[in-house]
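Asks: Here it is, the structure in full.
The values are calculated or read from the model by the stated rules, or taken from the named source; none is laboratory data. Given the structure is predicted, the values throughout are model-derived calculations rather than measurements. Backbone-built Cβ (ideal geometry, glycine too); neighbour counts: all protein chains shown. Side chains included, ligands, DNA and RNA excluded: accessible areas come from the protein's heavy atoms. Shrake-Rupley method; radii C 1.70, N 1.55, O 1.52, S 1.80 Å.
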Amino acid sequence: MQNDNYYPQQYPVNNAPVDNIPPADNPNKKLIMLLIGLATLAIIALIILGTFLIIKNINGGSGDATGEVDPDYITIEFDGAKFKVTDTYGDVIRQIAKQHKIYDWGGLMDHTYTEVTDIESYLSQYIKSDPEDYEGNIKNTILKKSDSDLPDLFISVDRTIYGLDEMATKIDDADFSIMIYPFQGNSVELKIDGHDLTTKKTTSAEFEEMFKEAKEYVSDATGSDGYKGYSFTYKKRNFQAAFNATDGTLETLSIKTHIGV
């Protein structure tokens, strides 16, 4: 029987010197090279994964309620757009314009939409409201779903300092408010810091669970009847929300950069 360790004897070919005969392949050497290759690929994969996780954390994580959110600014997600409620009207408008159409709304009287396309020209305008109206919202920029004719999010310039000169501030630099006010039974869906809110659906109890800072506001005789209201400061922003007293679901909410009067 042939020995398993038997190797056929090598003979010179055409009287060639024995030293020129190529050595037999070493199976152990091939295995080592294969292992080195696999280890290299594993290291590269770990580097790519680590880089992805770092970038994801820098960008604020997944954006859901369990992931990391910006500790300084409220993050809003609506109809595919994601933006932070920063310090000026211009900054917020620029954020949104990169992701979503923005409209000047004609209001209830004519109900027309004019898309804002020249953002910088639009933001170069100055406040020109009545000097006696310290919160004159002269610009009513809105967001709406592409398949809807109803406004969903109002982003308004706020004139928050009483007696401000008419030509003192560009709307680019102005304070602003964001309001969700559904029309004609329209249901508005959005996320705030990863929390899902839907008008006519989200309850006041759920809202309190989402925002631990939320404190119920008890209105006086001049306040609105039939609503349960909240007014509190959240991430240095004035946050207000109203819930229907009958079924306890969300009616409206607003976020303002200016807190004091």
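Asks: Of all the residues that make up segment 90-132, how many are surrounded by 15 or more Cβ atoms within 10 Å (Cβ to Cβ), modelled with pLDDT under 90 and part of a loop (DSSP other than H, G, I, E, B)?
Replies: 2
Asks: Shifting gears a bit: Is segment 51-60 home to any residue that is at positive phi and at pLDDT below 55? Step through it out loud before you land on a result.
Replies: Just the residues of segment 51-60 that are at positive phi, to begin with: 60.
Cutting the leftovers down to at pLDDT below 55 gives us 60.
Yes, segment 51-60 has at least one match.
Asks: In segment 133-191, which residues are open to solvent by less than 30 Å² (accessible area, probe 1.4 Å), modelled with pLDDT under 80 and closer than 21 Å to residue 106 by Cα?
Replies: Within segment 133-191, 136, 158, 159 meet the criteria.
Asks: May I pose another question? If residue 87 satisfies all but one of (1) farther than 18 Å from residue 254 by Cα; (2) open to solvent by 40 Å² or more (accessible area, probe 1.4 Å), what's the number of the condition it fails?
Replies: Status for residue 87: all satisfied but (1).
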